[in-house]
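A.B. asks: Once you've had a glance at the structure underneath, I'll fire off some questions.
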Amino acid sequence: MISVVTSTAEASVTEGASSSTVEDHGTIVTSTAPLCVVPYFLEPLQAQEVLSWALSDVSGFQAATTLDGAPDVRRAKVRYTSLPQTLGEALANVLPAVERVLGVTSAERRVECQVTLHRDGDYFRRHLDVGEGNAATRRISFIYYLHRAPLPFSGGELRVYDMLTSHGKTFPAESFRDVEPIHNSIVFFPSASVFHEVLPVSCSSTRPEDGRITCNGWIH
């Protein structure tokens, strides 16, 4: 059952603001990035089952890449997969409310998914989730967090940057919010406009089950 859906989508407008990111002197709209966070997304037993599923094929993980192939932007392991039924059904149930909160509508209701494992020193620098080909139609990004208790790592926060909009283009602002990777919570945001990154993870263990584990993906 979905107990809470939160959003921080308030916007402010600054006339003639200046920023090193935006190279014009016109009106710049600064807005808080739309974000939807749902805690306790699954029942506790279901969340543990999804965690077991996520780690059921450790040999299937491969080095993560980026849409443009840029070096030194991302360090993690990923396994491309389809959603387990429990998680897929929960996503379908909450999606209409998420779309209302974010102000974004998915055209196809098609879900692209991967399991991502961040271990000691892993990270993903600031980026957007859209690109060419299949990535061009991504509408809503989601990150479902899973980990053992007690928390076996530190760091790994999702840093979400506020938005500067000028002449129809969106740029990351200097201001941001950090979202803690809390077990059995899920975060949604628009794929095409919200710049974000995964801060470096610290973990003394080398075991996969002790890393920052997510089932993340995109709704087209």
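The values are calculated or read from the model by the stated rules, or taken from the named source; none is laboratory data. Computed from a predicted structure; not experimentally measured. A quick note on method: Cβ atoms are made from the backbone with ideal geometry, for glycine too, and the neighbour counts reach across all protein chains shown. Quick note on the areas: whole protein, heavy atoms, side chains included, nothing else; ligands and nucleic acids left out. Shrake-Rupley method; radii C 1.70, N 1.55, O 1.52, S 1.80 Å.
A.B. asks: Can you tell me how many residues within the range 54-70 are open to solvent by less than 60 Å² (accessible area, probe 1.4 Å) and over 29 Å from Gly131 (Cα atoms)?
C.D. replies: Of the residues in the range 54-70, 0 are open to solvent by less than 60 Å² (accessible area, probe 1.4 Å) and over 29 Å from Gly131 (Cα atoms).
A.B. asks: Being within 24 Å of Trp53 (Cα to Cα), small (Gly, Ala, Ser) and open to solvent by 10 Å² or more (accessible area, probe 1.4 Å) is the filter here, so list the residues in the range 186-220 that pass it.
C.D. replies: Ser202, Ser204, Ser205
A.B. asks: Is there a residue being more than 12 Å from the chain's Cα centre (by Cα), at pLDDT 95 or above, open to solvent by 10 Å² or more (accessible area, probe 1.4 Å) and under 15 Å from Glu197 (Cα atoms) anywhere in the range 132-149?
C.D. replies: No, because not a single residue in the range 132-149 is more than 12 Å from the chain's Cα centre (by Cα), at pLDDT 95 or above, open to solvent by 10 Å² or more (accessible area, probe 1.4 Å) and under 15 Å from Glu197 (Cα atoms).
A.B. asks: Oh, and also: Sort through Leu91, Leu117 and tell me the only one that's open to solvent by less than 60 Å² (accessible area, probe 1.4 Å), modelled with pLDDT of 95 or more and more than 30 Å from Thr206 (Cβ to Cβ). It would help to see each step written out before you state the result.
C.D. replies: Numbers: Leu117 fails: more than 30 Å from Thr206 (Cβ to Cβ).
Residue meeting the stated conditions: Leu91.
A.B. asks: Sticking with this structure for a sec: Looking for whichever is in contact (Cβ under 8 Å) with a residue 24 or more places away in the chain, acidic (Asp, Glu) and within 24 Å of Leu151 (Cα to Cα) here; the options are Asp68, Asp129, Asp120. Which one fits?
C.D. replies: Working: Asp68 fails: within 24 Å of Leu151 (Cα to Cα); Asp129 fails: within 24 Å of Leu151 (Cα to Cα).
After applying the criteria, what remains is Asp120.
A.B. asks: Let me confirm something: among Ser106, Ser82, which residue is surrounded by 18 or more Cβ atoms within 10 Å (Cβ to Cβ), within 21 Å of Cys215 (Cβ to Cβ) and among the hydroxyl-bearing types (Ser, Thr, Tyr)? Write out each step before concluding.
C.D. replies: On the way: Ser82 fails: surrounded by 18 or more Cβ atoms within 10 Å (Cβ to Cβ).
The unique qualifying residue is Ser106.
A.B. asks: Here is a follow-up. Applying the selection to the range 155-185, what residues are open to solvent by 30 Å² or more (accessible area, probe 1.4 Å), more than 23 Å from Gly131 (Cα to Cα) and under 16 Å from the mean Cα position of the chain (by Cα)?
C.D. replies: Glu157, Arg177, Asp178, Glu180, Ile182, His183
A.B. asks: Can you find, within the range 7-40, the residue that is modelled with the highest pLDDT among those that are assigned to a loop (DSSP other than H, G, I, E, B) and either in contact with a Gly (Cβ under 6 Å, 6 or more places away or on another chain) or among the polar types (S, T, N, Q) (or both)?
C.D. replies: The initial filter retains those residues of the range 7-40 that are assigned to a loop (DSSP other than H, G, I, E, B), namely 8-10, 15-27, 32-35, 39-40.
Checking which are either in contact with a Gly (Cβ under 6 Å, 6 or more places away or on another chain) or among the polar types (S, T, N, Q) (or both) leaves us with 8, 18-21, 27, 32.
Details: Thr8: 41, Ser18: 33, Ser19: 37, Ser20: 37, Thr21: 41, Thr27: 74, Thr32: 92.
Among those residues, the one meeting the criterion is Thr32.
A.B. asks: Collect the residues in the range 170-180 that are in contact (Cβ under 8 Å) with a residue 24 or more places away in the chain and charged (D, E, K, R), keeping them in residue-number order.
C.D. replies: Glu174, Arg177
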